[in-house]
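*Asks:* One structure, pasted below without further comment.
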Amino acid sequence: MDVFAHLVGQPEAVASLRAAASGTGMTHAWLFTGPAGSGRSVAARSFAAALQCVSKPVGCGTCRGCHMVQTGNHPDVRFVVPEGLSIPVALMRELVMRAATTPATGRWQILIVEDADRLTEAAGNALLKAVEEPPERTVFLLCAPSDHPDDVPLTIRSRCRVVTLRQPSPDAVADLLMSRDGIPAELAAMVASAAQGHVGRARRLARDPEARTRRAAVLAVPRQLSSVGAAFDAANGLISAAEAESDAATAEIDAVERAEMETALGAGGTGKGAAGAVRGAAGQLKELERRQKSRATRAQRDALDRALLDLAGFYRDVLANQWAAPVRAIHSDVHAVAQAAAERWSPESTLRRLEAVMQCRTAIDANVKPRIAVEAMMLSLWKG
């Protein structure tokens, strides 16, 4: 299958990337921007596969180069995927140095930085030096929500060719789910709309009944806010659900990482030498625990943000009903609930509720403790 087949609803971007991989308009640094779920990392990985493709036309999806990139096993393609809240400078320096070497088997050395907006200032400076003076056969592929200075420093942005991705339509996402994953049409349409164009989220909702159950619990929140006490209960429920989801997502990875490190450090061995090695490795185990804690925090915030987006989508549907807007509902499965709310509330109070949800997201992004931000939001939702 063509490497760009899973890049949904981006014909202009695909044409540009395919031409560059074929030798027209190629440059050493690229910045993929677009809203969450638009396919930034998919575009970067697909482009990397096309650059390493050994067939004609490029991006065949079946040759050794394409296959190795798509499975994450190509020796000349490295991925920077932030596990915690930021990408540290030590990691970036190490990867930049490795990316400067001559390609081992492919046409290019490629460094893909997902969520480049999470680069620390020092890590960004380390990347900038490499982008300013790139090795001849090295390509940098960066992914970020936008090319705004808040996401990507102007010094890096000015040295990149920007590929702007758009939010895929629900119909395009539903078609992909049906053709690629065999999801029934009715379910595909519902989750594609609920995910608001986010392909990964739509796929998760379609394939995971527990994810649909968590979403249903979030959409039940507006009906539960009958008092101050109920508002605090709802806040606690939302935080607890996010923690449970992040624990489920990271527990297995954490256990495997710890077991592998303990084995590498001599756990299970006998004799004084093995025991001394384990005792001397306390610092390495502590560093592993620190990284895992950071990853868990990121996973919890991501889970909470998905819940907040679902909640914002509900209030948006209520507003659309009140204004008789000619737009499709995000949460079509609870359309009757949104209609009932539209009859009870004024448009002004609905808008205040929507703003409260978005302010909560902003506060958490600014490192306000999630529980405090969510409790404040729930009180605002209760007051209207």
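*Asks:* Counting only residues 5 or more places away or on other chains, whose amide H sits under 5 Å from the amide H of GLN109 once H atoms are built in the peptide plane?
*Replies:* THR138, VAL139
*Asks:* Excluding residues fewer than 8 places away in the same chain, name every one of the aspartates and glutamates whose C-alpha is closer than 16 Å to that of LYS129.
*Replies:* Output for LYS129: GLU94, GLU121.
*Asks:* So, in nm, how far is label ARG207 from label ASP181 when the simple model puts each one 7 Å beyond its Cα toward the Cβ?
*Replies:* The two pseudo-label positions are separated by 0.6 nm.
*Asks:* Please list the non-local residues whose amide H lies under 5 Å from the amide H of ILE87, H modeled 1.01 Å from N, same-chain partners needing a gap of 5 or more.
*Replies:* Distant-sequence amide H within range of ILE87: LEU119, THR120.
*Asks:* In addition: Karplus couplings for segment 114-127 from phi (6.51 cos²θ - 1.76 cosθ + 1.60, θ = phi - 60°), rounded to Hz, Gly and Pro as x?
*Replies:* Values, residue by residue: 6, 6, 5, 5, 9, 5, 5, 4, 5, 5, x, 5, 5, 5 Hz.
*Asks:* Please name which of ALA251, VAL374, PRO88 has its Cα lying farthest along the dipole of the chain towards the positive end, using unit charges on Cβ (Lys, Arg +1; Asp, Glu -1) and the Cα centre as origin.
*Replies:* Among ALA251, VAL374, PRO88, the one farthest towards the positive end of the dipole of the chain is PRO88.
*Asks:* Throw me the Rg/Rh for segment 274-384, computed over C-alpha atoms with Kirkwood Rh, two decimals.
*Replies:* Rg/Rh for segment 274-384 comes to 1.27.
*Asks:* With unit charges on the beta carbon (Lys/Arg positive, Asp/Glu negative), name the residue among LEU111, ILE183, PHE314 whose Cα is farthest towards the positive pole of the charge dipole of the chain.
*Replies:* Farthest towards the positive pole: LEU111.
*Asks:* A follow-up question, please. Roughly how many nanometres apart are two label points built 7 Å out from the Cα toward the Cβ at LYS293 and ASP171?
*Replies:* 5.1
*Asks:* Calculate log10 I(q)/I(0) of the chain for q = 0.13 Å⁻¹, where I(q) comes from the Debye formula with a single equal point scatterer on each Cα and nothing for solvent.
*Replies:* Normalising to I(0) and taking log10 leaves -1.19.
*Asks:* Under a Cβ-only charge scheme (Lys and Arg +1, Asp and Glu -1), can you give me the dipole magnitude of the chain about the Cα centre, in debye to the nearest 20? Walk me through the numbers before you get to the answer.
*Replies:* Numbers: 45 positive and 42 negative charges, 84 e Å.
So the magnitude is around 400 debye.
*Asks:* Continuing with this model, one more query. Helix-derived [θ] at 222 nm for the chain: sum -39500 (n - 2.57) over DSSP H runs of at least 4, divide by residue count, nearest 500? Don't skip to the end; give the middle numbers.
*Replies:* Working: 17 runs with 234 residues, N = 384.
Rounded to the nearest 500, it is -19500 deg cm²/dmol.
*Asks:* Would you list, by chain and number, the lysines whose Cα falls below 29 Å from the Cα of LYS56, excluding same-chain residues fewer than 8 positions away?
*Replies:* none
*Asks:* Return the sequence-ordered ³J(HN,Hα) values of segment 26-37 in whole Hz as given by the Karplus equation 6.51 cos²θ - 1.76 cosθ + 1.60 applied to θ = phi - 60°, using x for Gly and Pro.
*Replies:* 6, 9, 8, 9, 10, 10, 9, 10, x, x, 4, x
*Asks:* Note the direction-averaged projected area, equal to a quarter of the hull surface, for the Cα convex hull of segment 20-120, in nm².
*Replies:* 6.8
*Asks:* Can I ask one more? Could you name the lysines whose alpha carbon sits less than 29 Å from that of LYS383, not counting residues in the same chain fewer than 8 places away?
*Replies:* LYS369
*Asks:* Output the relative contact order of the chain, whole-number percent, from Cα pairs under 8 angstrom with separation of 6+ residues.
*Replies:* 16
*Asks:* I'd like the Karplus ³J(HN,Hα) series for segment 227-243: coefficients 6.51, -1.76, 1.60, θ = phi - 60°, whole numbers in Hz, and an x wherever there's a Gly or Pro.
*Replies:* Rounded to whole hertz, the list is 6, 4, x, 5, 5, 5, 5, 5, 4, 4, x, 5, 5, 4, 5, 5, 5.
Only the coordinates and a few stated rules stand behind these numbers; no lab work does. Note that the structure is a prediction, hence the values are computed from the model and not measured. All Cβ positions, glycine included, derive from the backbone under ideal geometry; neighbour counts span all protein chains shown.
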